[in-house]
Amino acid sequence: MKAAVLHGVNDLRLENLVDPVPGRDEVLIRITACGICGSDVNMWRGTNEEGVFPIVLGHEWVGEVVEVGSGVSQFQVGDRVVSEVNVGCGQCQNCQDGLWPDMCAHVEVWGFRAECPGGMTQLHRAKEARLFRVPEKLSDEAAALVEPLSISYHAIWDNGGVRSDDRVIIFGAGPIGMLAMLACKVAGAVVTVVEPQPGRRSLAKKLGADLTLDPTSDAFNEQVDDHMKGRGGSLVIECSGNRAARGAMLDVVGGQGRIIVLGITAKSEVSLDIDQLIFKSARIIGSEGSGFAFERTISFMDQSPVDFTGVITHTLPLTELKAGFELAAGRDDACKVLLRPSIGD
């Protein structure tokens, strides 16, 4: 089988690997679509420290079960499935206390470790306990967005939710920011998207953002004040990981507002005016991973009137792996880039 293997910074290869064989409690999956995540790109470029090389990349995948182990009872050949990235051991004290899998002392991180290969490949082996069935209504393209949408869903709804009367400001119009915007629009909120790249601002507007702003504009703060009628945002979601955006969070949040930070950057330190936080009685909440939100995210997508696949701007075969990464690395007209492995290529 062909697989995308990252051996080190700027060392991404499409390799032929031995086909995996499922164990007793495992299934073999033919991957039909896999998204390129910003974390994949950053590991490739060396701008984060999340992975341990070598890695079979890919954690935003959907596939079809083609073989099941003798002990598998929940899935059968032909089922379409997706999988969580972080899987807790269930035995450590954090797991016993019900903390999210990201807090597990022995967490498995699929697509980021050699011993936990990802889905940017033609065939993938997975324990059935990791898997979730995809509803018939969801296309492969939509199902490949379950993982990134679960990041936004978990960040928003597990940290207070979003209301129809919220004044939402989202920093970053990458895939996570776009999906957060769409999720907030489902709730009926007014959403402002802040993004320096004009192509992404245009896409955000097309997908339903009420207002898009360029943070590099000299008029940025005035535009926020005008749109928010001087009240600031009641919910600010930082999805970019950009230092300037993080520094601006407290400037744009309103009184008793909530700030949710989920954009990841390698060791980015930002000075914050804590007096501003105090006087505004604002809250800052960090959000990592999906929590236990995968099943709820799938249900949300299945019942939502919104077509989340609008964030997908490019679809390429796995054989065009490097071209896909170049696109995802920051081209103005690119948002979510999907790879479509095909057995036999």
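The values are calculated or read from the model by the stated rules, or taken from the named source; none is laboratory data. Keep in mind it's a predicted model, so treat the numbers as computed, not measured. Please note: Cβ atoms are built from the backbone with ideal geometry, for glycine as well, and neighbour counts cover all protein chains shown.
Numbers below:
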{"read-out": "Flag if W44 is over 24 Å from V134 (Cβ atoms) and either of a type in the set (D, E, K, R) or touching an Asp or Glu at 6+ places or on another chain (Cβ under 9 Å) (or both)", "value": "yes"}
{"read-out": "Any hit, region 116-131, residues being within 30 Å of C89 (Cβ to Cβ) and among the acidic types (D, E)", "value": "yes"}
{"read-out": "Count of residues meeting criterion [at pLDDT 95 or above, of a type outside the set (A, V, I, L, M, F, W, C) and within 14 Å of the chain's Cα centre (by Cα)] in region 291-314", "value": "2"}
{"read-out": "Any hit, region 152-170, residues being small (G, A, S), under 23 Å from A248 (Cβ atoms) and surrounded by 20 or more Cβ atoms within 10 Å (Cβ to Cβ)", "value": "yes"}
{"read-out": "Single residue of T212, T216 found to be within 28 Å of D158 (Cα to Cα) and hydroxyl-bearing (S, T, Y)", "value": "T212"}
{"read-out": "Residue among P135, P117, P148 that alone is within 18 Å of S287 (Cα to Cα) and at pLDDT 95 or above", "value": "P148"}
{"read-out": "Hits in region 316-334 (condition: surrounded by 15 or more Cβ atoms within 10 Å (Cβ to Cβ) and over 14 Å from A4 (Cβ atoms))", "value": "L327, A329, R331, A334"}
{"read-out": "Filter result for the condition that a residue is under 21 Å from L145 (Cα atoms), at pLDDT 95 or above and crowded, with 19+ Cβ neighbours inside 10 Å, over V68, V72, V107, V56", "value": "V56"}
